[in-house]
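Taking it in order: structure first as structure tokens, then the write-up.
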Amino acid sequence: MFKRAIPVFAEGKENALNYHLVLHAEAESLKDTTLYISAFSFYRLSVNGRFVSFGPARAAKGYARVDELSLDWCDSADGKNDIVIEVAGYNCSSLSTARQTSFVVAELRREDEVLLYTGRDFCGYRSAKMMQKVERYSAQRHFGEIHNYTFDGILGEKVNLTETTNRPKYLERKAPVPTYDTVHMDGCSSFGEFNFDDTIPYRKKRSSFEITEEWGCFADGEIFSKPYRWIQRQVLDKKGDDRDFPLRMKRGDYVIVDLGRIETGFLTVNMTAHAHSEVVLGFSEACFEADFEFTNINSQNVIEYFVEEGMSVSAESFEPYTCRFAIIMVRNGAVTLEGYSVRTLEYPMWDIIERSYKDPELRAIYRAAERTFAHNAVDIYTDCPSRERAGWLCDSFFTGRAEYFLTGKTLVEDAFLENYRLFENDGSLPEGAIPMCYPSDFHDNNKFIPQWAMWYVLEVKEYLTERNTAVDKELFKKSVMGIVKFLERYENKDGLLQNLPSWNFVEWSTANEWVHDVNYPTNFLYAEVLRSAYALYGDESLLKKAERVAAVTAERSFDGEVFIDNAVLTDGVLVNTRNSSEAGQYYAILFGDFDINDEKYAKLKAHICNGFAELDISDRGYVPVNAFIGFYVKMCAMMKLGWFDMLEDDIKSFFGGMEEATGTLWEYRYTQRKGSYDHGFASFVAIAIGEIEKNKK
């Protein structure tokens, strides 16, 4: 893909933690030119001071996707063009990238003529703006941001650029180029003063698990400022509502900005400093108890700015973040706040098929599903665009269906599944197993989810046989059959899976405590894995095994009223418990190959229709579905059964209020007020709404 460019980085820094490099070159006319560019971890491209692109799209370890960007529209009138590439080399482990050493490679061409390229024409500088020794933003992503504007420009100390040891294999970008629109706010929703209270308890670090040295972080003593800890101990004293920008602010002043709905992208504070000033930006997806509160999502949603007296800056975040609410606080000094905006980063909405539905509540939920998809399908499918930006399996099964329904294409799924297909196991996982999310690192005892590998097989089968039949099935045979062979090792004498290793996952409810020794929902899923592998590669023995697994699982797990979730080994014999999750019933309906209208299942059918209100739970464990994946397998089951009136009621009850609150769909139920308020798999509800409307009389 590159004719002459080579990957480079600052000499001696390709393994440095959170090192920000800036490349600069001057070009003459940009008419009819294309810039080919890639980097790791991420780059931001500006031409003549104008933002052009953020990238690259993520790829499997050892690979790099290349963006091809037309620069014709950036050409200056005087024929002199400044090309600036900012690169973040994180060199830490995360769930949103697979750890590799830093590099950047770029080449400017006009047709076949190479005009500029890394290795010859670009000068390198250490970023003067981005502070290196900062806290992690989250365990799943990389580092937070502290911006230093006590200088003029972004070019700091000049550094030598040398060829890197990381020589990735280049891949094309498959996902569409994202859109970068601007959501600009002309004023604040409230303002006031804040005061420090050192008696307020606070959380030193907000992460889902401990960020060890192996994951990559700076020691506390090395870090100059910790704004996340500071902001939690401020008491707000509201003085009023609705003030227009520009707004003069002194030390101890704050404003709160409400975007009206969740946006995802690059957060920008426009301000002029009247003294040496410190400004802290906090942001949150939702606020319920107070004018401003951090979403309970295990990420440090703060950015700090140091601005020199007399400087006017447009301080745009390097990385994309997610928020509806923002608080801007003057920690020291005095500034005039001229504006707050978000440069959005999302799948192009114009590529989504236009549909309109009469029911206003369903229509609102559908629009939220579209926006939720757009936020979580930028380069791969992500669980959320905030804390993780990680490409989880199982989530992708539902988002993959949503992409095809919403766009009629598989552009993002092409990239997502290619990354998994290119995964190379270095021995960290058992033979045939695949990561639960990827590209990622999984240092936590090499944890993986066997059930997520099963959902991968189901997704690949649908992708190859329904959504993108032009793709060669043989490309996926190694990964699909590797999973089948891996699972075979855990079959018991009855042919059922027993005691699968690592993190077993059925859904986020008590049902996930019932996964050993034999978990029946998992075995129903296993039957569908075998059917899918047969459909792809024609091995009749897989189909026969699938029929046997489904039949044995249904026979063993049905107690005449509902399906039981698990059997435990007691004195050498597997004995059914009385645990029965609502989710388990839908696994059985989807993959158990039985007719629910058979008289044998009359009680089960009645329980489902009555919301299990009449199920006697005095002598059994029972748990209703949680959001994921219980409610989603329920939607699938309702569509399979054709119970669209019940499905409509459930969707309105479950998603009602989400669109109004954030314009997006959430990871958990409304009352839980935690997790992401913008979760990719939730876009699947668009399909269910489409089926409801199609089947209305």
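The values are calculated or read from the model by the stated rules, or taken from the named source; none is laboratory data. Since the structure is predicted, the reported quantities are computational estimates derived from the model, not experimental observations. All Cβ positions, even for glycine, are placed from backbone atoms using ideal geometry, and neighbour counts span all protein chains on display. For the accessible areas, the whole protein counts, side chains as well, though only heavy atoms, and no ligand, DNA or RNA atoms are used. Shrake-Rupley method; radii C 1.70, N 1.55, O 1.52, S 1.80 Å.
If I filter segment 93-121 down to residues being assigned to a loop (DSSP other than H, G, I, E, B) and more than 15 Å from Asn166 (Cβ to Cβ), which single residue comes out as most open to solvent (accessible area, probe 1.4 Å)?
Glu111
What is the residue count in segment 72-88 for residues that are assigned to a strand (DSSP E or B) and either open to solvent by 30 Å² or more (accessible area, probe 1.4 Å) or not acidic (Asp, Glu) (or both)?
Qualifying residue count for the region: 7.
(1) modelled with pLDDT of 95 or more; (2) open to solvent by 40 Å² or more (accessible area, probe 1.4 Å); (3) part of a loop (DSSP other than H, G, I, E, B); (4) polar (S, T, N, Q): which one isn't true of Thr212, the others all being true?
(1)
Tell me which residues, restricted to segment 126-135, are surrounded by fewer than 21 Cβ atoms within 10 Å (Cβ to Cβ) and either without any contact (Cβ under 8 Å) to a residue 24 or more places away in the chain or in contact with a Gly (Cβ under 9 Å, 6 or more places away or on another chain) (or both).
Residues satisfying the conditions are Arg126, Ala128.
Out of all the residues in segment 171-205, which are without any contact (Cβ under 8 Å) to a residue 12 or more places away in the chain and surrounded by 13 or more Cβ atoms within 10 Å (Cβ to Cβ)?
Answer for segment 171-205, where residues must be without any contact (Cβ under 8 Å) to a residue 12 or more places away in the chain and surrounded by 13 or more Cβ atoms within 10 Å (Cβ to Cβ): there is none.
Checking the condition hydrophobic (A, V, I, L, M, F, W, C) and within 18 Å of Gly675 (Cα to Cα), which residue from Ala286, Ala273 passes?
Ala286
Any idea which of Gly663, Gly680 is crowded, with 24+ Cβ neighbours inside 10 Å and at pLDDT 95 or above?
Going through Gly663, Gly680 in turn, just one is crowded, with 24+ Cβ neighbours inside 10 Å and at pLDDT 95 or above: Gly680.
Would you pick out the residues in segment 74-94 that are at pLDDT below 95 and hydrophobic (A, V, I, L, M, F, W, C)?
Cys74, Ala77
Of the conditions (1) farther than 30 Å from Tyr347 by Cβ; (2) under 33 Å from the mean Cα position of the chain (by Cα); (3) open to solvent by 10 Å² or more (accessible area, probe 1.4 Å), Tyr254 satisfies every one except a single condition; which number is it?
Tyr254 satisfies all of (1) farther than 30 Å from Tyr347 by Cβ; (2) under 33 Å from the mean Cα position of the chain (by Cα); (3) open to solvent by 10 Å² or more (accessible area, probe 1.4 Å) except (3).
Based on this model, can you work out whether Asp426 counts as modelled with pLDDT under 95 and in contact with a Leu (Cβ under 8 Å, 6 or more places away or on another chain)?
No: the conditions fail for Asp426.
Quick grid of which residues meet (1) β-branched (Val, Ile, Thr); (2) under 21 Å from Phe151 (Cβ atoms); (3) part of a loop (DSSP other than H, G, I, E, B):
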| residue | (1), (2), (3) |
| --- | --- |
| Ser299 | no, no, yes |
| Ile303 | yes, yes, no |
| Gly310 | no, yes, yes |
| Trp350 | no, no, no |
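Taking the condition surrounded by fewer than 24 Cβ atoms within 10 Å (Cβ to Cβ), closer than 28 Å to Arg421 by Cβ and not aromatic (Phe, Trp, Tyr), does Leu69 pass?
yes
Residue by residue, here is whether (1) open to solvent by 10 Å² or more (accessible area, probe 1.4 Å); (2) touching a strand residue (DSSP E or B) at 6+ places or on another chain (Cβ under 6 Å); (3) in a helix (DSSP H, G or I) holds:
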{"site": "Arg367", "(1), (2), (3)": "yes, no, yes"}
{"site": "Ile380", "(1), (2), (3)": "no, no, no"}
{"site": "Cys384", "(1), (2), (3)": "no, no, no"}
{"site": "Ser396", "(1), (2), (3)": "no, no, yes"}
{"site": "Glu403", "(1), (2), (3)": "no, no, yes"}
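Collect the residues in segment 426-448 that are in contact with a Ser or Thr (Cβ under 8 Å, 6 or more places away or on another chain), within 17 Å of Glu388 (Cα to Cα) and open to solvent by less than 40 Å² (accessible area, probe 1.4 Å), keeping them in residue-number order.
Pro439, Ser440, Asp441, Phe442, Phe448
Based on this model, can you work out whether His142 counts as closer than 30 Å to Arg229 by Cα and surrounded by 16 or more Cβ atoms within 10 Å (Cβ to Cβ)?
yes
Applying the selection to segment 6-36, what residues are open to solvent by 10 Å² or more (accessible area, probe 1.4 Å) and among the β-branched types (Val, Ile, Thr)?
Ile6, Thr34
Can you find a residue that is under 30 Å from Arg173 (Cα atoms), among the acidic types (Asp, Glu) and either open to solvent by 10 Å² or more (accessible area, probe 1.4 Å) or assigned to a helix (DSSP H, G or I) (or both) anywhere in segment 327-338?
Looking for residues that are under 30 Å from Arg173 (Cα atoms), among the acidic types (Asp, Glu) and either open to solvent by 10 Å² or more (accessible area, probe 1.4 Å) or assigned to a helix (DSSP H, G or I) (or both), one finds none in segment 327-338, hence no.
Scan Phe524, Phe486 and give me the residue that is part of a helix (DSSP H, G or I) and either touching a residue at least 60 places away in the same chain (Cβ under 8 Å) or open to solvent by 10 Å² or more (accessible area, probe 1.4 Å) (or both).
Criteria check complete, one pass: Phe524.
Scan segment 316-344 and report the pairs whose first residue is touching a residue at least 40 places away in the same chain (Cβ under 8 Å) and whose second residue is of a type in the set (S, T, N, Q) and open to solvent by 10 Å² or more (accessible area, probe 1.4 Å), with Cβ atoms within less than 6 Å and a gap of 6+ or a chain change.
Listed by first residue and then by second, the contacts come to Thr336/Thr272; Glu338/Asn270; Gly339/Asn270; Ser341/Thr182; Arg343/Thr182.
Which one is farthest from Ala453 (Cα to Cα) among residues in segment 493-517 that are buried (at least 17 other Cβ atoms within 10 Å of the Cβ) and of a type in the set (Phe, Trp, Tyr)?
Looking at the filtered set, the residue picked out is Trp514.
Determine whether Lys634 is more than 30 Å from Cys323 (Cβ to Cβ), open to solvent by 40 Å² or more (accessible area, probe 1.4 Å) and of a type outside the set (A, V, I, L, M, F, W, C).
no
Filter segment 405-425 down to the residues that are open to solvent by less than 20 Å² (accessible area, probe 1.4 Å) and of a type in the set (A, V, I, L, M), then identify the one that is nearest to Glu691 (Cα to Cα).
Among those residues, the one meeting the criterion is Leu406.
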